[in-house]
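The values are calculated or read from the model by the stated rules, or taken from the named source; none is laboratory data. What you are looking at is a predicted structure, and each value in this text was computed from that prediction instead of being measured. Using ideal geometry, Cβ is built from the backbone for each residue, glycine included, and neighbour counts are taken over all protein chains shown. Heads up: the accessible areas ignore ligands, DNA and RNA and are worked out on the full protein's heavy atoms, side chains in. Shrake-Rupley method; radii C 1.70, N 1.55, O 1.52, S 1.80 Å.
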Amino acid sequence: MVIGFAACLFSVEQTFAQLKLDEAGKLNLFQDFRFRLEQDWNSHRADGTMRSDRGRARIRVRTKLQYSPTPLLTLGIRIRTGSTGSQQASHLTIYDFNSNPNGDYHLLPDQWYARVSGTRAWAWAGRNGLPVWKQNEFLWDDDVIPIGLAAGYTHTGESAQISVNSGYFLLPDGGIGVNGRVLVGQVVSAIKTE
């Protein structure tokens, strides 16, 4: 019970900050930091072999600079901690309590984009999150960030809204490389209920 209570107390601590860097609010800095203690029992490596039990302290740091010179145009870049070998893992092991290796410490550019948005339509080019509606991360993890072109359009009526989202992307392979392509299209409808 004491271990469970301690794990709840120290498992995740996250802070987030948004700073306006100019008076007009066109240049913004976003940062988040996460610290967590992990205990890993009876897990498997990627090749299927058993891994030794381990306890470790991990961090994640992300910093994003966003510039909106006009209401229609937004430019952004984000860097994060992580391994160049993984497109998803943004956490770094800063201390392993079982003397396992800590891994590499890298800063990676995981987002860079130019986005144009109007009242109903939008488009972006670069490396940004997958531009489709999803209920959760079951089909696509938000930490996997493709490179490509995307566009969307939304029509809102009196009792319903229909959105069309599309994109053509290069798929990430590790933190920097690419491997494969995907064409994505989606129609989303929402109906107002009373």
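Key figures
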item: Dipole in debye (nearest 20) - the chain, about Cα centre, beta carbon charges: Lys, Arg +1; Asp, Glu -1; result: 300 debye
item: Convex hull per residue volume in Å³, alpha carbons only, for the chain; result: 185 Å³
item: Surface share of carbon and sulfur [accessible, 1.4 angstrom probe, percent] for the chain; result: 59 percent
item: Built amide H within the under 5 Å cut-off of Val178, gap 5+; result: Asp173
item: Per-residue ³J(HN,Hα) for the stretch 189-194, Karplus 6.51 cos²θ - 1.76 cosθ + 1.60, θ = phi - 60°, Hz, x for Gly and Pro; result: 10, 9, 10, 6, 10, 10
item: Stokes-Einstein D for the stretch 37-78, Kirkwood Rh over Cα pairs, 10 °C, 1.306 mPa s (µm²/s); result: 112 µm²/s
item: Charge tally in the Cβ shell below 12 Å around Ala150, where Lys, Arg are +1 and Asp, Glu are -1, Ala150 excluded; result: +2
item: Viscosity 1.567 mPa s, 4 °C: Kirkwood-radius Stokes-Einstein D of the stretch 109-181 over Cα pairs, µm²/s; result: 97 µm²/s
item: Per-residue HN-Hα couplings for the stretch 153-160 [Karplus 6.51, -1.76, 1.60; θ = phi - 60°; Hz; x = Gly/Pro]; result: 9, 10, 10, 10, x, 5, 10, 8
item: Calculated from backbone phi, Karplus (6.51, -1.76, 1.60) coupling profile of the stretch 15-31 in Hz, x at Gly/Pro; result: 10, 9, 9, 10, 10, 7, 9, 9, 5, 7, x, 7, 10, 10, 10, 10, 9
item: Probe 1.4 Å, accessible area per residue of the chain, Å²; result: 65 Å²
item: Mean separation of Cα contacts under 8 Å (6+ apart) over length of the chain, as relative contact order %; result: 13 percent
item: The stretch 88-130: trypsin sites (Lys or Arg not before Pro) in DSSP coil with no more than 14 other Cβ atoms inside 10 Å; result: Arg120
item: For the chain: lysine pairs under 29 Å (alpha-carbon distance), excluding those fewer than 8 apart on one chain; result: 4
